[in-house]
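Written below as structure tokens is the structure these notes are about.
Every number in this text was worked out from the coordinates using simple rules, so none of it is lab data. Treat the numbers as computed from the prediction; the structure is a model and nothing was measured. Cβ atoms come from the backbone with ideal geometry, glycine included; neighbour counts cover every protein chain shown.
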Amino acid sequence: MAKQTILAIQNSSFEHLGTLQSMFEKDGFAIDTVIPSKGHKVPTKLNDYLALVILGGPASVYDDHQYLKEEERLIKDAMTNNIPALGICLGSQLIAKASGARVYNGARVYKGARKEIGWYPVELTQDGMSDIFKGLKKNVIVFQWHGDTYDLPPHAINLAKSDLYPVQAFRVKSAIGIQFHLEVSKEMVMDWIIEYEDELKSVSDYIRVNDIIKGFNTNSDKLKECSRVLYTNFKNLIN
């Protein structure tokens with residue numbers, strides 16, 4: 001295994017590192033990609049890795065999947081050993097759960113007021129602007145695709161919020177969870193539109209596919225810049 005290796009866990013074959021991948025590779029990092037749905041085994045320890053990135057997927061954090069339990073243990077290992085961990089969407093929900101936050105209620109679901117799919121404003125907190133989002137302005141437009149949510153974990157710092165979701169990003173120890181997507185390209189999202197067609201149909205009364213696609217015309221450059229800032233700040237956490 002390469003000395004400068006990042007572990008990336010894909011909870012879906014089409015939800016990958018996106019624009020972050022080329023940035024890691026340009027700086028000489030090797031990426032060890034694990035896709036549990038393809039039978040890849042989730043490591044039990046992070047001894048050989050400099051950092052962990054857990055990506056999104058169609059599952060929910062409260063689903064009874066063995067691989068999600070294994071990822072949660074890996075997150076705890078990262079926090080115990082001060083290894084930088086970044087969770088995006090489902091990955092952030094797993095970090096929240098591993099940190100003791102409420103991620104489901106008695107019905108084993110914890111939904112937001114309504115789903116966020118497409119382009120939405122997010123407000124960065126002062127802590128967020130001095131942490132993983134250092135270099136960004138207070139208000140940014142980001143890409144979202146989620147309906148689940150979570151409470152702020154005990155002893156965590158809230159890094160971003162929105163009207164519908166009061167915890168959009170947080171840090172707890174060496175782990176950072178981000179509910180939204182800064183890593184997506186237009187090609188990725190077009191794949192999601194196809195793969196999650198049924199979900200989009202279920203919210204067609206307030207979410208329109210054409211608006212999602214058109215949003216790239218006005219927001220793609222800004223999103224790439226946000227992705228670059230996220231990457232740079234996360235890279236600076238890696239020893």
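Give me the percent relative contact order of the range 126-185, please, defined on Cα pairs under 8 angstrom at least 6 residues apart.
After rounding, I find 31 percent.
Work out how far the C-alpha atoms of the chain reach from end to end along every principal axis, then list the three figures in whole Å, largest first.
Largest first, the chain extends 48, 41, 36 Å along its Cα principal axes.
Take every Cα pair under 8 Å in the chain that's 6+ residues apart, average their separations, divide by the length, and report that relative contact order as a whole percent.
20
Based solely on its DSSP helices, what 222 nm [θ] is calculated for the chain when runs of n ≥ 4 H residues each add -39,500 (n - 2.57) and the sum is averaged over all residues, nearest 500 deg cm²/dmol? If you can, show how the numbers build up before the last one.
On the way: 7 runs with 79 residues, N = 239.
Taking each H run of at least 4 residues, the total per residue is -10000 deg cm²/dmol.
About the Cα centre of the chain, how large is the charge dipole given +1 on each Lys and Arg Cβ and -1 on each Asp and Glu Cβ? Please answer in debye to the nearest 20.
Result for the chain is approximately 540 debye, rounded to the nearest 20.
Calculated FRET efficiency, Ile213 and Lys69, Cβ-Cβ r, R0 35 Å, to nearest 0.05?
It comes out at approximately 0.45.
Points 7 angstrom from Cα along the Cβ direction at Arg114 and Ser204: gap in nanometres?
Calculated label separation equals 1.7 nm.
Pick out which of His181, His146, His155 has the largest mean-square fluctuation in a Gaussian network model of the chain, springs linking Cα atoms closer than 10 Å.
Result for the chain, Cα springs under 10 Å: His155 fluctuates most.
So, in nm, how far is label Met79 from label Arg228 when the simple model puts each one 7 Å beyond its Cα toward the Cβ?
About 3.3 nm, to one decimal.
Highest GNM mean-square fluctuation, the chain, Cα pairs closer than 10 Å: which of Asp205, Asp163, Asp77?
Comparing Asp205, Asp163, Asp77 in a Gaussian network model of the chain, the most mobile one is Asp205.
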